[in-house]
4 protein chains.
Amino acid sequence: MPMFTGVVPPVVTPLNEDFSVDYASFTRVLENLIGAGVHGLFVLGSTSEVIFHDAPTRKAITEHAIKIANGRVPVLVGVIDPTTDRVIDHSLTAKAAGADGVVVTAPFYTRTNQAETIDHFRYIKDAVDLPIIAYDIPVCVGLKLERKTTVTLAREGAIVGLKDSSGDDGNLRYVLADMAEDKQFFGMTGSEIVVDSVLAMGAHGVVPGLGNVDPHGYVKLWNLVQAGDLAAARAEQERLCKLFEIVWISTGRTSAGSAGVGAFKTAMRSLGIIATNTMARPQRALNDEETGKVDAILKSVGLLG
Amino acid sequence: MPMFTGVVPPVVTPLNEDFSVDYASFTRVLENLIGAGVHGLFVLGSTSEVIFHDAPTRKAITEHAIKIANGRVPVLVGVIDPTTDRVIDHSLTAKAAGADGVVVTAPFYTRTNQAETIDHFRYIKDAVDLPIIAYDIPVCVGLKLERKTTVTLAREGAIVGLKDSSGDDGNLRYVLADMAEDKQFFGMTGSEIVVDSVLAMGAHGVVPGLGNVDPHGYVKLWNLVQAGDLAAARAEQERLCKLFEIVWISTGRTSAGSAGVGAFKTAMRSLGIIATNTMARPQRALNDEETGKVDAILKSVGLLG
Amino acid sequence: MPMFTGVVPPVVTPLNEDFSVDYASFTRVLENLIGAGVHGLFVLGSTSEVIFHDAPTRKAITEHAIKIANGRVPVLVGVIDPTTDRVIDHSLTAKAAGADGVVVTAPFYTRTNQAETIDHFRYIKDAVDLPIIAYDIPVCVGLKLERKTTVTLAREGAIVGLKDSSGDDGNLRYVLADMAEDKQFFGMTGSEIVVDSVLAMGAHGVVPGLGNVDPHGYVKLWNLVQAGDLAAARAEQERLCKLFEIVWISTGRTSAGSAGVGAFKTAMRSLGIIATNTMARPQRALNDEETGKVDAILKSVGLLG
Amino acid sequence: MPMFTGVVPPVVTPLNEDFSVDYASFTRVLENLIGAGVHGLFVLGSTSEVIFHDAPTRKAITEHAIKIANGRVPVLVGVIDPTTDRVIDHSLTAKAAGADGVVVTAPFYTRTNQAETIDHFRYIKDAVDLPIIAYDIPVCVGLKLERKTTVTLAREGAIVGLKDSSGDDGNLRYVLADMAEDKQFFGMTGSEIVVDSVLAMGAHGVVPGLGNVDPHGYVKLWNLVQAGDLAAARAEQERLCKLFEIVWISTGRTSAGSAGVGAFKTAMRSLGIIATNTMARPQRALNDEETGKVDAILKSVGLLG
């Protein structure tokens, strides 16, 4: 059996207006997810604004999440920084805090190739006694984890799974096929909008940022696919696609950046889960007009009365 | 007068085989540059492998460089990390160490737009009492500092100059034209191979990684342009272009990554300036065969006997 | 009902060694497809090497295909050239030859925006009395047909459907949702490897280049999805994914270019459908060693004894 | 001596409001250029909207230009179409019309690699007895002519020169260095805004679209560089840079497309050279408000009273 499966949302990190972490809201975010039946938590991912937080804050976020989870679901921790040794440092902290696994991207800022990227994962594996999940997110790091790179790392045990946020579902399908004999390896999609499809292809889970806004929706979708009711799964996915339109409201920003996470935070505030929609600097939070549009979409899909 | 002008190389950071900084070699690198007559030092730039070093190591590198420079030339410090507050932290450290200015890129990993990038520089300016130089390096950060962004920041005093590593010399020319009335603003090019041209357009300096290998060449080139002898400047530039071919020797890597800095380090080892050509993990150093090709080029341009 | 649905392969154009069209082989290609039960033919698409053929040759290819089809299945004709009026000329020829519809890309070589691209389709619609299918293929034309562009054109009746070769299945899903009320509009995918998924999302057809090699496979896949047997559809898709590996054999070329179509032609030659694997100049055909690897894959999926 | 040197503008093709070529205006364009002292004419380039014109119109444009030039300056003809044999057809027409050379891009729409691109030029060379100039314009064709590709073709005599519209001046410099022993080879830049620099590097000419608006400016710039007065050349270049700002007036379009050529046409209409600013479909001409801004720039640089 793969080590991790199911709905594993990248957990939003709520902020106070002074940009410190709002732990009371964070607790509500975590309880809301666990209560909805998610199968794991991924803290300190891109949706968590991981890259804005320094090492002590990351440690505190990790410890808080693990304390709240309290063994009810596994906690994966993003250890995202540009280079190998900095990733190892974060990984050791995550290990000490009790993380169940760490999520690692290719190096960034510096330009590396596939061979150096393979070494990057190997060095981390050698240094840290925790399961490593490869995180393929070329829009942020400027390099695609090629099929051969992922499969090489998986076959030698350097990684236990893949989180694919590249949008290249065909490539994910080939990775799953290459690894079909290995019953422990898993592939998850970072997509919010083709989850039914990618699960039907054989993916083992989903890591949807939008799951912070509607975790029940993604759990329902997962359960429908597990039950083989793909028609109902499609209907639920299409409802979630309508909800996902919130990420395009703030047209002056990229949906891969503050327009996306900013919309999630704004929706979560409207739903009473978190206190502010503050974004880490220099990102701009959605304004009142944009909030009105978010709320209209929340109403249209039945999340807001 | 602009605050900084002339040849300001991004200083290579020599490493021991265990990846710690080799300070004895670093001293030689710095003395070699100052002795050749460079006009400033830029430590912790991309060529310095800044992104691989943690905060304590960056602090030590900065302090060592400032101690060695000892006021002979100004020392600019790269404060390169993905997000605003992390950059501010590095900047405060640089300030405390006695830096003459800090060099700041756009945010990276996270996707931001031009407006958020302008805010990024403003927040740093508000927090740190040091001259800020904008560093335009889209190949590493995934965003171009547009002409309007740079000029907006320059006119309001948030930045004192621009280091342009975008390769878009036409855009730099427009920035220089827009800022022509401001006699303090400066624009420098990060190019190694069109320095004569960009200086002839009115740029105020050059930040050549290759200057670590042949600082006398770039100082000579600068002096020839200042003296108005553009024909001789062109001849010297063409000699340096031949030398720059070392960055394409290691064909399996990108010249913007370990093939480039790795070649500089390999050449500097052959020239007796540094002890190893070790690269920070996960980058691979050039091998013996590649070293042979570097040495052949060094001989062809008269640097190696 | 949508005007066109089902499996509509882009028909390979076989060539003689002197680069003229091999009509005897072409007849076999067409009969092989029709005999396998495809629901339509798309001649003069990218897979047909359309861009290499001049107007008289395109006319002859169109007429030949329509003559062979003889009303058994509809024939769509690619009218692919860089600019509006040249596309109109090809469209009028296709109309005169009896085509059932024309397939139109965004302008290329020249750089246009979405508004000009909308005008492009409108001008063609005004000039030609034939159903127009928009062809979204950014890898070839350098511009993505954005969701809003496609939906604008569809709602005003300028296009009757979309062939999506952009790889952005999420975007296709949104276009299908936007057009859900219009029972005549159709969306097809140009993918070979996620067809089961995209059909399960609600797409109305598939335009697989690989269908030239194994039309029975794609017809079977279509029928399984229509019958609601998604598990069996997935198994058939996975067999076709194995076959699709032929496009990566020729590593020196791009799979979107001669490596892909060249592999299809090589496989079809091995299967006795066409006489040569000649590619239009300056593309290079696969060589003997590469042919051996293609044959091995054909055997592994049961197509070759 | 290189076969072609100096200022060789890509000649704008004026259109009537019905999109036919306005030959009376075209004659004025040509006479305006020749009268200003340009050293050659490049008809049917990107700036000429070549890609919008069919073969008979291209033939007529070529013949008209050669008739008007009447041997006063050489006439180069762009033979721009996606694939080899179509380029050969245009080249044979150009030869028959008396062209002095043809200008050839890499294939486009289809995806080819460097090796196939080399073959493309070789096939054309074999078929056409005319000097061939390679045209490097990746923004339009999606492929960069790499240094090695260009030098291979130049050394074997398949091309006599390079027109570089890639913006990569460093690469052009290396091509010029590689070919320094061949006194017949020439490299020209397609830039409007760094002409002084690229000529100072050793380039043999310039192909400025903006030369249609102000040919005297570019001839003056050329003469100043030839006379070694680089300071005065820089001043003239900077005046032309101010004029070039017209290409960014129409912000809804790309400056590489209708915003650029559209601005040239609009300026030429204001200067009385051509009758309309009509653009080939589906491009949009600049409107009255944009024309006002173009005129203001024309006045600011002294071209309009």
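Numerical summary
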{"quantity": "Options A:T251, A:L210, A:M188, ranked by Cα towards positive dipole end of region A:173-262, top entry (Cβ charges)", "calculated": "A:T251"}
{"quantity": "Amide H within-cut-off set for B:T189, under 5 Å, with H built and near neighbours excluded", "calculated": "B:D164, B:G205, B:V206, B:V207"}
{"quantity": "Occluded residues from region A:108-135, i.e. those whose accessible area drops by 30 Å² or more once the chain is not alone (1.4 Å probe)", "calculated": "A:F108, A:Y109, A:T110, A:R111, A:N113, A:E116, A:D119, A:Y123"}
{"quantity": "Fluctuation leader among A:D54, A:D164, A:D100 - chain A, Gaussian network, Cα springs under 10 angstrom", "calculated": "A:D54"}
{"quantity": "Cα-derived Rg over Rh, computed across region B:1-125 with Rh taken as Kirkwood radius", "calculated": "0.98"}
{"quantity": "For region D:6-230: rounded, prolate or oblate by the Cα gyration tensor [a/c cutoff 1.5]", "calculated": "oblate"}
{"quantity": "Hz values of 3J(HN,Hα) by residue in region B:191-203 - Karplus curve (6.51, -1.76, 1.60), Gly and Pro given as x", "calculated": "6, 9, 10, 10, 5, 4, 5, 5, 5, 5, 6, x, 5"}
{"quantity": "Protein heavy-atom accessible area occluded, B/A pair - total, 1.4 Å probe, Å²", "calculated": "3500 Å²"}
{"quantity": "Per-residue SASA entry for A:R111, accessible area with 1.4 Å probe, Å² rounded to 10", "calculated": "40 Å²"}
{"quantity": "Mean shadow area of region C:26-84, taken as a quarter of the surface of its Cα convex hull (nm²)", "calculated": "4.1 nm²"}
{"quantity": "Relative contact order (%) - criterion: Cα under 8 Å, at least six apart; region: chain A", "calculated": "19 percent"}
{"quantity": "When each of A:K293/B:K163; B:K299/D:K183; A:K265/B:K163; A:K125/A:K183 is checked by Cα-Cα distance, pairs over 29 Å", "calculated": "A:K293/B:K163; A:K265/B:K163"}
{"quantity": "Span-rule helices in chain B, defined as complete DSSP H runs reaching 15 Å or more along the axis (Cα) with Kyte mean at least -1.0", "calculated": "B:23-36, B:55-69, B:84-97, B:114-127, B:215-226, B:230-244, B:258-270, B:288-300"}
{"quantity": "Long-range HN-HN contacts of D:R253 with modeled amide H, under 5 Å", "calculated": "none"}
{"quantity": "Number of partner chain Cβ atoms within 10 Å, mean per residue of D:184-196", "calculated": "2"}
{"quantity": "Fraction of beta bridges assigned by DSSP in the protein assembly as shown that are antiparallel (%, nearest 5)", "calculated": "5 percent"}
{"quantity": "Principal axis box of region C:174-281, alpha-carbon based, largest edge first, Å", "calculated": "45, 28, 23"}
{"quantity": "Cα principal axis extents for the protein assembly as shown, largest first, Å", "calculated": "80, 74, 59"}
{"quantity": "Cut-off under 5 Å, modelled amide H: who pairs with D:D81 long-range", "calculated": "D:T105"}
{"quantity": "R0 of 56 Å, Cβ-Cβ distance D:E31-B:A115: FRET efficiency to nearest 0.05", "calculated": "0.70"}
{"quantity": "Computed magnitude of the charge dipole of the protein assembly as shown (debye, nearest 20; Cβ of K, R +1, Cβ of D, E -1)", "calculated": "0 debye"}
{"quantity": "Residue-normalised accessible area of region A:6-230, expressed per residue, 1.4 Å probe, Å²", "calculated": "30 Å²"}
{"quantity": "Most mobile of D:D126, D:D89, D:D178 in a GNM of chain D (Cα contacts under 10 Å)", "calculated": "D:D126"}
{"quantity": "Label-point gap, in nm, between D:A24 and A:D18 - each point 7 angstrom along Cα→Cβ", "calculated": "7.7 nm"}
{"quantity": "Those residues of region B:247-288 for which accessible area with every protein chain present is at least 40 Å² below the isolated value (1.4 Å probe)", "calculated": "B:R281, B:P282, B:R284"}
{"quantity": "Carbon/sulfur fraction of accessible area - the protein assembly as shown, other protein chains in place, 1.4 Å, %", "calculated": "51 percent"}
{"quantity": "Hz values of 3J(HN,Hα) by residue in region D:107-112 - Karplus curve (6.51, -1.76, 1.60), Gly and Pro given as x", "calculated": "x, 9, 6, 5, 9, 10"}
{"quantity": "Fluctuation leader among C:A127, C:A60, C:A115 - chain C, Gaussian network, Cα springs under 10 angstrom", "calculated": "C:A115"}
{"quantity": "Area accessible to solvent at B:T27, 1.4 Å probe radius, in Å²", "calculated": "40 Å²"}
{"quantity": "Bridge type composition, chain B - antiparallel percent by DSSP, nearest 5", "calculated": "5 percent"}
{"quantity": "Charged-residue dipole, Cβ positions (Lys, Arg, Asp, Glu), chain A about Cα centre, Debye nearest 20", "calculated": "160 debye"}
{"quantity": "Within region D:176-246: Cβ-based charge dipole about Cα centre, in debye rounded to nearest 20 (Lys, Arg +1; Asp, Glu -1)", "calculated": "180 debye"}
{"quantity": "Nitroxide proxy distance, nm - points 7 Å out along Cα→Cβ at D:E181 and D:V139", "calculated": "3.6 nm"}
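The values are calculated or read from the model by the stated rules, or taken from the named source; none is laboratory data. Bear in mind that the values here come from a model prediction, so they are computed numbers and not experimental data. We place every Cβ from the backbone using ideal geometry, glycine too, and count neighbours over all the protein chains shown. The accessibility values were calculated without ligands, DNA or RNA, using every heavy atom of the protein model including side chains. Shrake-Rupley method; radii C 1.70, N 1.55, O 1.52, S 1.80 Å.
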